[in-house]
Structure formats: structure tokens, C-alpha cells
Amino acid sequence: MIKLTIKKEDFDFNSGLLKPKETLYPKFWKNNDLNPIVARKLMQIADDVIKSLDLGVGIEDVVITGSIASYNWHEMSDIDLHIMMDFEKIDDNFDLVKKMLDQIRINWNKKHNILIDGKEVELYFQHYTEPHEANGIWSLELEKWLGEPVRLNPEIDIITTEKKAEAIARQIEHLFEMFKKQDFKEAYEYADKVKVKIARMRQLGLSDQGIYSPENLAFKMLRNAGYLEKLSALKIEAYDRMMSLSLNKKPINENTTWRNYLNQGDK
């Protein structure tokens, strides 16, 4: 039975990671404005990414969000750098563009380890009209808040959060059982279904109760436990196996756990 347990200290407002701070992260923010040195570096990163893609379209905006742009920053906060684009200018097939950019994002984040004052830059692509639920959104282009952060004192539903995270973790475990049986097509399709379910769960939670919703916190639990990375790796591996051809069908080692297997073959 899978059991994902929230660490008590993570939800202890006297010492935990979710304790609202009195000010924004002081090395990044002064008088609620972003440090211009940080802003220039982040814009340079975004510009370099766009140039490397050579898509023939410009950016609508570049924003930073997440805990580093709120009163809930902590030592492990990263920098959520969102490049806002008009996906429809790239191609009429919106879903195809979204999938392509999502894979580019995953590959970029795996390849790079850019730190600003010890905070890792995490890249995202976002359609410019897509709503973004966050307590704090800063526009690098406009040099102002699109959504100014508010200091919150939340109530955490730990039991519901753990139940939601454990339910999805079980689905990911089941996914590997399909993979071990070499049902690669079914595993690939199911992995895609689980990824969509996770994204919808988190979005519904954010739009309903905000960043402290059980859905969003369950997402963070799964991410911190490594399940989301494994899910992405397993989906890619299932696709590769599905599209490969072997005349000698070899069984996957039953003594190899799915975690160890994917750690050996992450892509």
C-alpha cells in the first residue's frame, strides 16, 4: 500500500516551508519592485531560449510567479519563469504546439541548472491568454505586477491532500505494471491520461481554493516524491518501446523495481 505522508514541519507555521513571511524575498524585491539585475538576467535567459527555438514568432510577455513572487518563499523556492507566447502564431494545431513546447520545456529544465542567488530557474511556456492562478505575477516586459501578492494565513486539509496524492501514486504504480507486461501502447495512452488528470486536478484546485487547495498540495507532494518525473520518463519510454521493433521479445526483469528501472533509463 502506498503511503505519502506530509512532513509535519512543512505545515508548521512557526517553522515550516509554508509559513507566510513578513516581506517578499529581500534579495529579489525592494519596495515591491523586482531587483533590476535579476530582471535583466531573467530576460536574457528568455531571449536566448526564444532565439534558440527559431520559431519565427516573438514573445507577448515574460513573467515570474510561484513562491518566489509571494510571501510564501522559502529556502527551496525556485524561479518560475513563464514565457508567454501566442501558440496559434506558431501553428493552427494548438494542442500540437502545446505538446511540443512542453517537451522542449522538460528537456531544457533537465539540461540546464541556472541559479540566481541559489534559486534555480524553472522554465515554462504559456499561451498568452491562458489564465494563471497564482498569488503574485510580475511582468518583466511591463516591469510591474500583473497580480500583486497578498499575505495569506491558510487552513491546510492534510488528510484530503494525502488521499489525493496517494490515489494518483497508485495509478502511476499500476502504469508500471502495464509496462512490465510490455503493454506499451496501453501504458503510453494511460500515462497521457494520468498526466491530463493531474493537470486538471491542480488547475481546479487553484481556481477554487488557491495555492493551499488539497489538489495543488497533492501535486506538490507527488512532485517532491519524484512521481511526476517518473511518470514523464515512463511515458517517453513506453512510446519508444511502442514504436521500436524487436524480433526477440525479452521480458523486463521482474526483480527490478519501477523506480530503479526508470532511474536507469530517465530521458
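The values are calculated or read from the model by the stated rules, or taken from the named source; none is laboratory data. These numbers were taken from a predicted model, which means no experiment stands behind them. So basically every Cβ, Gly included, is an ideal-geometry build from the backbone, and we count neighbours across all protein chains shown. Please note that ligands, DNA and RNA were not included when accessible areas were found on the heavy atoms of the full protein model with its side chains. Shrake-Rupley method; radii C 1.70, N 1.55, O 1.52, S 1.80 Å.
Below, the figures for the structure above:
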| item | result |
| --- | --- |
| Total residues in the range 32-82, condition acidic (Asp, Glu) and open to solvent by less than 40 Å² (accessible area, probe 1.4 Å) | 2 |
| Some residue of the range 112-122 being more than 17 Å from Leu34 (Cβ to Cβ), charged (D, E, K, R) and outside any loop (DSSP other than H, G, I, E, B) | yes |
| Residues satisfying the stated conditions in the range 108-128, i.e. in contact (Cβ under 8 Å) with a residue 24 or more places away in the chain and open to solvent by 50 Å² or more (accessible area, probe 1.4 Å) | Ile114, Asp117, Glu120, Tyr124, Tyr128 |
| Within the range 31-45, tally of residues that are touching a strand residue (DSSP E or B) at 6+ places or on another chain (Cβ under 8 Å) and at pLDDT 95 or above | 7 |
| Residue tally, condition within 21 Å of Gly58 (Cβ to Cβ) and among the polar types (S, T, N, Q), over the range 73-93 | 1 |
| Test set (1) at pLDDT 95 or above; (2) open to solvent by 40 Å² or more (accessible area, probe 1.4 Å) - Asp95 fails condition number | (1) |
| Residues satisfying the stated conditions in the range 140-180, i.e. assigned to a loop (DSSP other than H, G, I, E, B) and of a type in the set (A, V, I, L, M) | Leu140, Leu142, Val150, Leu152, Ile156 |
| Residue in the range 63-82 that is more than 25 Å from Leu152 (Cβ to Cβ) and either in contact (Cβ under 8 Å) with a residue 40 or more places away in the chain or among the charged types (D, E, K, R) (or both) present | no |
| Cβ pairs under 9 Å, 6+ apart, first in the range 20-42 and under 16 Å from Arg151 (Cβ atoms), second in a loop (DSSP other than H, G, I, E, B) and among the charged types (D, E, K, R) | Pro20/Arg151; Lys21/Arg151; Glu22/Arg151; Tyr25/Asp117; Asn32/Glu148 |
| Residues of the range 205-239 classified as over 20 Å from Gln103 (Cβ atoms) and either out of contact with any helix residue (DSSP H, G or I) (no Cβ under 8 Å at 6 or more places or on another chain) or open to solvent by 40 Å² or more (accessible area, probe 1.4 Å) (or both), total | 8 |
| All positions within the range 205-230 that are touching a residue at least 24 places away in the same chain (Cβ under 8 Å) and not in a helix (DSSP H, G or I) | Ala225, Gly226 |
| Out of Asp86, Asp91, Asp54, sole residue that is charged (D, E, K, R) and within 30 Å of Tyr212 (Cα to Cα) | Asp86 |
| Yes/no for Met100 being hydrophobic (A, V, I, L, M, F, W, C) and in a loop (DSSP other than H, G, I, E, B) | no |
| Residue check for Asn135: among the polar types (S, T, N, Q), in a loop (DSSP other than H, G, I, E, B) and either in contact with a Ser or Thr (Cβ under 9 Å, 6 or more places away or on another chain) or open to solvent by 60 Å² or more (accessible area, probe 1.4 Å) (or both) | yes |
| Test: Lys51 is out of contact with any Ser or Thr (no Cβ under 7 Å at 6 or more places or on another chain) and touching a residue at least 40 places away in the same chain (Cβ under 8 Å) | no |
| Members of the range 37-84 found to be in a helix (DSSP H, G or I) and in contact with a Gly (Cβ under 9 Å, 6 or more places away or on another chain), listed by number | Ile50, Ser67, Ile68, Ala69 |
| Filtered residue count, the range 179-204, keeping only those that are in contact (Cβ under 8 Å) with a residue 40 or more places away in the chain and surrounded by fewer than 20 Cβ atoms within 10 Å (Cβ to Cβ) | 7 |
